[in-house]
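The values are calculated or read from the model by the stated rules, or taken from the named source; none is laboratory data. Nothing here was measured: the structure is a model prediction, and the numbers come from that model. We place every Cβ from the backbone using ideal geometry, glycine too, and count neighbours over all the protein chains shown. Surface areas here come from the heavy atoms of the whole protein model, side chains and all, with no ligands, DNA or RNA. Shrake-Rupley method; radii C 1.70, N 1.55, O 1.52, S 1.80 Å.
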Amino acid sequence: MNIKEFIHKMPKAELHLHIEGSFEPELMFKIASRNGIKLPYKDIETLKQAYNFNNLQEFLDVYYAGAGVLITEQDFYDLTWAYLEKIHQQNVIHTEIFFDPQTHTERGVAFDTVIDGIHKALVDGQDKLGISSVLIMSFLRHLDEASAFKTLQSGLRHKDKIKAVGLDSSEVGNPPSKFKKVFDAARQEGFLTVAHAGEEGPASYVYEALDLLKVSRIDHGNRSLDDDKLVEKLIDLQMPLTVCPLSNLKLKVVNDMKVHPLKKMLQLGLKATVNSDDPAYFGGYMNENFEAVTQALDLSKKDLIRLSKNAFEAGFVDEATKQKLLQQLEVFQEQTVI
Ligand code: ADE
Ligand code: ZN
């Protein structure tokens, strides 16, 4: 089996996906049109030309503009369903999805509209496609603590649908410490915690995410490699890192996939995983991410299995579900002579 087929057929889990970042231009124009909203791009081609980013902020500006056409529960359902259908074709059997409530509540869309649409699609994803999923409510770190608290309050009415809280948006200048109290409160309510850290921000933000926000995973974490002591700590903790290769390339976190730190992370014994982050904007879903790093870093099939196993092990699911998922990977491994 060639490596491309191997990547395609390997059962995979995605742990770092912003549902608003899976908004494909075609669907964006369709939803904008049915909501009577005019996008600031004349057509799909012009929109795609805007997908050239020099940093995280340039991307976020386009991403928030795109999300602005999502109004109804059906819109959120359609967005989520399109993502699930896509990953189903790629043999992704489990996914953990971020949603950014404030991106929508700030412009007058009700919290319930957002979560109900997403959740209904996730239920259908399980029933019709056999994809298990977890929802992570992410706070926008460029907004203030009070806004995050208000969002947490809204989330409490949907505790049954939300497993964890996260932290995303503009990293530099918005350290994890800004949200310590909100994360304390979230943990007291029984939520697990994760945070984007060390994407553009320094290694000290990764320390803060671990020590102050008590995260169970670090989203990205690339800049951890600047600090040997931190690397040691992450290895000791076997702290999962949700790494996003194509995102890193598109946002110029790395200049070339050939210098992406993923292989080094594996060699060091860090618990790295591969994820798509915002696939509609960064040129690919899970398989394209795996293909890009495999080609650039000459990853072996053993490396690929390790990465997939790491993701299943790092999932926020109960032990029985985890074992079932891992078993699917084992069956694949047994059927495939590596
Ligand atoms: N929101 C969506 N994608 C993001 C990323 N890669 N970093 C921070 N915030 C985000
Ligand atoms: Zn992200």
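At a 1.4 Å probe, what is the % contribution of carbon and sulfur to the accessible area of the range 261-338?
Here it works out to 47 percent.
Leaving out ligands and nucleic acids, and using a 1.4 Å probe, what accessible area per residue does the chain come to in Å²?
Heavy-atom SASA per residue in the chain reads 40 Å².
How many times 2.2 N^0.38 Å is the alpha carbon radius of gyration of the chain?
0.93
Out of the trypsin sites (Lys or Arg not before Pro) in the range 72-134, which ones are loop residues according to DSSP with at most 12 other C-beta atoms within 10 Å?
Of the trypsin sites (Lys or Arg not before Pro), the ones in loops of the range 72-134 whose Cβ has at most 12 other Cβ atoms within 10 Å are Arg107.
Which residue fluctuates most in the GNM of the chain (Cα springs below 10 Å): Ser132, Ser216, Ser154?
Comparing Ser132, Ser216, Ser154 in the GNM, the peak value goes to Ser154.
In the range 237-338, what is the volume of the convex hull around the alpha carbon atoms, normalised per residue and reported in Å³?
Cα convex hull per residue, to the nearest whole number: 108 Å³.
Taking 8 Å as the Cα distance limit and 6 or more residues as the minimum spacing, I'd like the relative contact order of the chain as a percentage.
So the answer I get is 20 percent.
Taking only Cα atoms and a 10 Å spring cutoff, compute GNM fluctuations for the chain and point out the largest among Pro40, Pro261, Pro101.
Judging by the Gaussian network model, the answer is Pro40.
Of Gln238, Gln49, Gln327, which is the most mobile in a GNM of the chain whose springs link Cα atoms less than 10 angstrom apart?
Gln49
Return the long-range amide H neighbours of Asp219 (sequence gap of 5 or more, or a different chain), with a cut-off of under 5 Å between placed amide H atoms.
Result for Asp219 returns Ala195, His196, Ala197, Thr242.
Using Cα positions and a limit of under 20 Å, work out the lysines in reach of Lys252, with same-chain residues fewer than 8 apart set aside.
Lys48, Lys263, Lys264
Could you work out [θ]222 nm for the chain from helices alone, using -39500 (n - 2.57) per DSSP H run of at least four and dividing by all its residues? Round to the nearest 500 deg cm²/dmol.
Only helices count here, giving -15500 deg cm²/dmol.
Roughly speaking, what is the stretch gain from Asp318 to Gln74, that is 0.36 nm per residue apart minus the C-alpha to C-alpha distance, in nm to one decimal?
Result for the pair: 84.9 nm of gain on full extension.
Going by Cα centres, the range 170-195 and the range 1-63 are how many Å apart?
The distance from the Cα centre of the range 170-195 to that of the range 1-63 comes to 27 Å.
Tell me the carbon and sulfur percent of the accessible area for the range 1-146, rounded to whole percent, probe radius 1.4 Å.
Result for the range 1-146: 50 percent of the exposed heavy-atom area is carbon or sulfur.
Hey, if you put +1 on the Cβ of every Lys and Arg and -1 on every Asp and Glu Cβ in the chain, which of Val259, Phe76, Ile7 ends up farthest toward the positive end of that dipole?
Looking along the dipole axis, the top candidate is Ile7.
Once each part is reduced to its C-alpha centroid, what is the distance from the range 291-338 to the range 66-129 in angstrom?
With the range 291-338 and the range 66-129 each reduced to a Cα centre, they are spaced 25 Å.
For the chain, give the magnitude of the charge dipole about the Cα centre (Cβ charges: +1 Lys/Arg, -1 Asp/Glu; no others), in debye to the nearest 20.
My answer is approximately 320 debye.
Below 15 angstrom from the Cβ of Ile305, what's the summed charge of the other residues (Lys, Arg +1; Asp, Glu -1)?
Taking every Cβ under 15 Å from that of Ile305, the sum is +3.
When only C-alpha pairs under 8 Å and at least 6 residues apart count, what is the relative contact order of the range 181-323, in percent?
About 18 percent, as a whole number.
Specify the longest stretch of the chain that does not include any exposed loop site, a site being one of the GluC sites (Glu not before Pro) with a non-H, G, I, E, B DSSP assignment and at most 16 other Cβ atoms within 10 Å.
Longest stretch, sites excluded: 190-338.
Work out Dmax and Rg for the range 181-317 from the C-alpha atoms and quote the Rg first, both in angstrom.
Final numbers for Rg and Dmax: 14.6, 44 Å.
Viscosity 1.567 mPa s, temperature 4 °C: what is the translational diffusion coefficient of the range 134-196 from Stokes-Einstein with a Kirkwood Rh over Cα pairs, rounded to a whole number of µm²/s?
Calculated translational D: 113 µm²/s.
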